[in-house]
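Read through the structure below, which is laid out as structure tokens, and then see the notes.
Laboratory data are not the source of any read-out in this text; all were calculated from the coordinates shown. The structure displayed is predicted, hence computed values, not measured ones. Methodologically, a virtual Cβ is constructed for each residue, glycine included, from the backbone with ideal geometry; neighbour enumeration extends over all protein chains shown.
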Amino acid sequence: MPCFTAFTTVDNKDAADRIGLAIENMVPEPTGVGVFEIEDGKGHFEIGGYFAENPDATALQILATAFDSRPFVVSEVPDQDWVAKVRRELSPVRAGRFFVYGSHDANRVPDDVVPLAIDAAMAFGTGHHGTTQGCLQALDELAGQGVVPSSVADIGCGTAVLAMAAAKIWPRANIIAGDIDQVAIDTSRANLACNNLSGRVTCVTFAGFDHTEITPRAPFDLVFANILKSPLIALAPDMNTHVSPMGYVILSGILNTQADAIISVYTREKFDLHAHFKLGEWSTLTLRKRGRDAG
């Protein structure tokens, strides 16, 4: 049977959260509600509701008027297995030495690559987005320069594709991957098993560096954070605390127009720009922390 979606946008987070809460209490009730910041640098938020039957158009109109949001756009979505569809249509991706592919393309893996099997699932990070590709390219460049970290953290790991890439090229590294979403952690553990990496990466649910597993492993020689501009800025002081002198961070989830702001914040936290990759509208930054004696 089909389902229905109802989406609107608004210009401030408080209104977005209140609209999301109001949608949750609608009749017919939604099967899911999401509130997302649109990373366009303009402070816009998108609110979406998912319904098993056509939502109440009058109620949606009242909500839009009450919170001064855009009119809701209601769409009927055909019933199909979206994960299976995406798996069929996603082509393998090569980023530096890494080759990211779905299980349906296992017979297409070249001999001269580091293979990473990632199937589309309910977690971000199949390797097709410019941010993930940029991180893999940045990782490939560091490895090519002879960098061999002993401790690695993947913050906001999604499918753990970055943590797995590090585990494959640095077999002795101590690696931890975390995400606030338990689905992502479950997906990460499944991907590790699929890539014969079970036990090589510790996967735990945490936000930023807030977990008891983190402190004993710090400081880290390399940290991945492929998230968004706002949380990257918020994480900057903790990056300073948890990254070793002369250690690296690879940051993404950043629009090209946002890169300078991120660089400025991290410069104040004793990081210097090492490399800047651009793929389409997305930037990936590699920064290196200054040594103990540097200003």
- Task: Return a whole-number percent for the relative contact order of the chain, with Cα pairs under 8 Å and 6 or more residues apart as the contact set.
- Result: 13 percent
- Message: Report the Rg/Rh value for segment 3-77, based on alpha-carbon coordinates and the Kirkwood definition of Rh.
- Response: 0.94
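Looking only at Cα atoms, what is the convex hull volume of segment 121-247 per residue, in Å³? Walk me through the numbers on the way to the answer.
Values: hull volume 13.0 nm³, N = 127.
It is 102 Å³ per residue.
Can you compute the charge dipole magnitude of the chain about its Cα centre, using +1 on each Lys and Arg Cβ and -1 on each Asp and Glu Cβ, nothing else charged? Give it in debye, rounded to the nearest 20. It would help to have the intermediate numbers written out before the result.
On the way: 23 positive and 35 negative charges, 256 e Å.
Here the size comes out at about 1240 debye.
Need one number: % antiparallel among DSSP beta bridges in segment 131-289, to the nearest 5. Intermediate results must be reported in sequence, preceding the final value.
Working: 15 of 35 bridges.
The answer is about 45 percent antiparallel.
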- Message: With angles folded into 0 to 90 degrees, how steeply does helix 13-24 sit against the dominant principal axis of the chain? Use alpha carbons for both and round to 10.
- Response: 60 degrees
- Percent of beta bridges antiparallel (DSSP, the chain, rounded to nearest 5): 60 percent
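So how do L142, L235, L228 line up by other beta-carbon neighbours within 10 Å, fewest first?
Values: L142 21, L235 24, L228 18.
Ascending Cβ contact count within 10 Å gives the list L228, L142, L235.
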- Query: What is the count of Lys pairs in the chain whose alpha carbons sit under 26 Å apart, if the two are 8 or more places apart or on different chains?
  - Reply: 12
- The list [x] 38, 19, 17; [y] 44, 25, 18; [z] 36, 24, 17 gives values of semi-axes √(5λ) of the Cα gyration tensor in Å, and only one came from this structure; which label was calculated from it? [z]
- Note on the structure: Ordered by fewest other Cβ atoms within 10 Å, a rough proxy for footprinting exposure, I169, I155 read I169, I155
- segment 251-295 - percent relative contact order, Cα under 8 Å, separation 6 or more: 42 percent
- Query: Which residues' amide hydrogens lie under 5 Å from the amide hydrogen of F220, considering only partners 5 or more residues apart or on another chain, with H built in the peptide plane?
  - Reply: V243, S244
- Query: If you plug each phi of segment 233-246 into the Karplus form 6.51 cos²θ - 1.76 cosθ + 1.60 with θ = phi - 60°, what whole-Hz ³J(HN,Hα) values come out, in order, with x for Gly and Pro?
  - Reply: 5, 5, 7, 3, x, 5, 4, 4, 6, 9, 9, 6, x, 6
- Message: For N174, what residues show an amide H to amide H distance below 5 Å, using hydrogens built from the backbone and excluding near sequence neighbours?
- Response: S151, V152
- To the nearest Å, what is the center-to-center distance of segment 251-295 and segment 1-71, using C-alpha atoms only? 34 Å
- Message: Please compute the contact order of segment 3-77 in relative form: average sequence separation of alpha-carbon pairs under 8 Å and at least six residues apart, divided by the residue count, as a percent.
- Response: 46 percent
